[in-house]
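The values are calculated or read from the model by the stated rules, or taken from the named source; none is laboratory data. The model shown is predicted, which means the values in this text are computed figures rather than measured ones. In this analysis, Cβ positions are derived from the backbone assuming ideal geometry, glycine residues included, and neighbour counts consider all displayed protein chains.
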């Protein structure tokens with residue numbers, strides 16, 4: 001029997017089980033008694049920014065978009081597309097590539113263990129036929145060209161290119177039409193062998209399942225493929241300047257109203273672990289205190305028509321890059337920008353009142369805790385915090401620990417002028 005450690009939250013009255021499998025895979029099972037749906041997700045610490053790395057004594061520099069390309073390619077097997085296979089077994093499946101991670105998952109009501117075996121084969125049995133790779137280039141090229149005509153995709157990509165001068169986060173997760181043409185089957189296999197080693201991955205299962213049975217099946221399936229631990233990966237990223245590359249970018253498109261995004265680049269990303277999560281919590285609480293729904297600034301801007309229900313604000317960070325971003329649709333982007341900057345200046349001067357701090361903490365924790373009522377957000381939260389190097393059950397205590405002075409200090413350090421950029425998509429004509 002595989003040794004597993006239970007982790008219990010008295011606040012949630014929930015327990016998950018974690019094990020480091022002999023094959024090297026970190027595995028989590030979150031039993032949800034009585035729930036019909038079950039979900040399994042494999043995640044790898046590998047995303048679109050991980051193009052330059054050293055592994056097993058050799059240096060590699062890969063084309064932009066190869067992580068996303070590999071995600072697509074893994075669904076292709078000699079027996080056919082695995083999306084069809086999952087459907088036949090009553091499961092829905094998908095995958096996603098982000099800047100720092102890639103995930104593969106399915107959900108089902110019945111046939112969990114059969115579907116789990118299929119998911120494991122998806123991740124660990126790659127096929128890199130040259131004709132399939134050539135065909136995939138055409139598919140992804142079409143996808144990239146389609147995104148160029150989508151206002152939401154354009155405004156986000158323009159923002160990334162404005163924020164970052166050198167960091168690979170400035171390049172679309174899918175790469176460019178030119179970069180994907182350079183991808184070869186040999187490069188795909190090298191990236192798979194490097195980043196899909198079990199020791200670089202994690203598995204999370206949530207639902208009405210037996211943890212011991214899941215751990216045993218996972219170990220049996222993965223160890224049978226004799227993948228090994230594959231050694232340490234040394235990633236390389238260029239040094240990013242503190243100031244943004246471009247303060248403002250405006251692109252006319254066929255839209256009815258202007259789309260507005262304003263962001264502040266993280267100038268000193270913390271290392272993974274508690275310091276990273278603490279920074280993320282502090283600045284998200286700052287955004288909530290500044291312009292969360294129910295604040296005076298939000299109500300004033302909403303009442304004046306400068307913002308609507310599309311407006312949002314949040315902060316996210318990794319050990320190599322991050323940003324605080326706010327925006328939505330508006331009829332007057334210049335007036336919205338001025339109002340937001342005035343609101344930030346006032347917030348930095350006045351700080352947070354005690355009653356407001358209690359309110360934003362409760363709201364933040366409420367949203368977090370509600371996620372554990374369903375298998376999907378529950379599983380993805382466990383995986384997300386695994387990659388952050390932090391126990392998901394420790395978040396409530398951390399939120400209660402972050403005080404008004406810490407929030408204000410983080411905000412003063414973050415909201416500068418030289419690290420700020422604006423991206424606009426405006427109506428043509």
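Let's see how each residue does on (1) under 30 Å from residue 428 (Cα atoms); (2) assigned to a strand (DSSP E or B); (3) touching a helix residue (DSSP H, G or I) at 6+ places or on another chain (Cβ under 9 Å):
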| site | (1), (2), (3) |
| --- | --- |
| 255 | yes, no, yes |
| 260 | yes, yes, yes |
| 264 | yes, yes, yes |
| 283 | no, no, yes |
Selection within segment 49-73 - in contact with a strand residue (DSSP E or B) (Cβ under 6 Å, 6 or more places away or on another chain) and either assigned to a loop (DSSP other than H, G, I, E, B) or free of Cβ contacts under 8 Å to residues at least 24 places away in the same chain (or both):
50, 61
Select, from 153, 218, the only residue that is touching a helix residue (DSSP H, G or I) at 6+ places or on another chain (Cβ under 7 Å), under 26 Å from residue 376 (Cβ atoms), in the same structural domain as residue 80 (by TED's automatic domain parsing) and modelled with pLDDT of 95 or more.
153
Options 300, 293, 345, 355; residue that is over 23 Å from the mean Cα position of the chain (by Cα), within 27 Å of residue 165 (Cα to Cα) and free of Cβ contacts under 8 Å to residues at least 40 places away in the same chain
345
Take segment 86-111 and flag every residue that is outside any strand (DSSP E or B) and either touching a residue at least 60 places away in the same chain (Cβ under 8 Å) or buried (at least 20 other Cβ atoms within 10 Å of the Cβ) (or both).
86, 91, 98, 99, 100, 101, 109
Here, helices (runs of 4 or more DSSP H) confined to segment 296-403 with at least 2 residues that are closer than 28 Å to residue 97 by Cβ are 354-370, 375-388
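Mind counting the residues in segment 61-85 that are exposed (fewer than 15 other Cβ atoms within 10 Å of the Cβ) and under 23 Å from residue 129 (Cβ atoms)?
Counting residues in segment 61-85 that are exposed (fewer than 15 other Cβ atoms within 10 Å of the Cβ) and under 23 Å from residue 129 (Cβ atoms) gives 5.
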If residue 152 meets every condition in (1) crowded, with 20+ Cβ neighbours inside 10 Å; (2) under 30 Å from residue 265 (Cβ atoms) apart from one, which number is that one?
(1)
Does segment 239-252 hold any residues that are outside any loop (DSSP other than H, G, I, E, B) and surrounded by 17 or more Cβ atoms within 10 Å (Cβ to Cβ), and which are they?
249
Take the residues in segment 221-261 that are within 30 Å of residue 119 (Cβ to Cβ) and within 23 Å of the chain's Cα centre (by Cα), then tell me which one is modelled with the lowest pLDDT.
232
Is at least one residue of segment 95-111 touching a helix residue (DSSP H, G or I) at 6+ places or on another chain (Cβ under 6 Å) and more than 30 Å from residue 378 (Cα to Cα)?
no
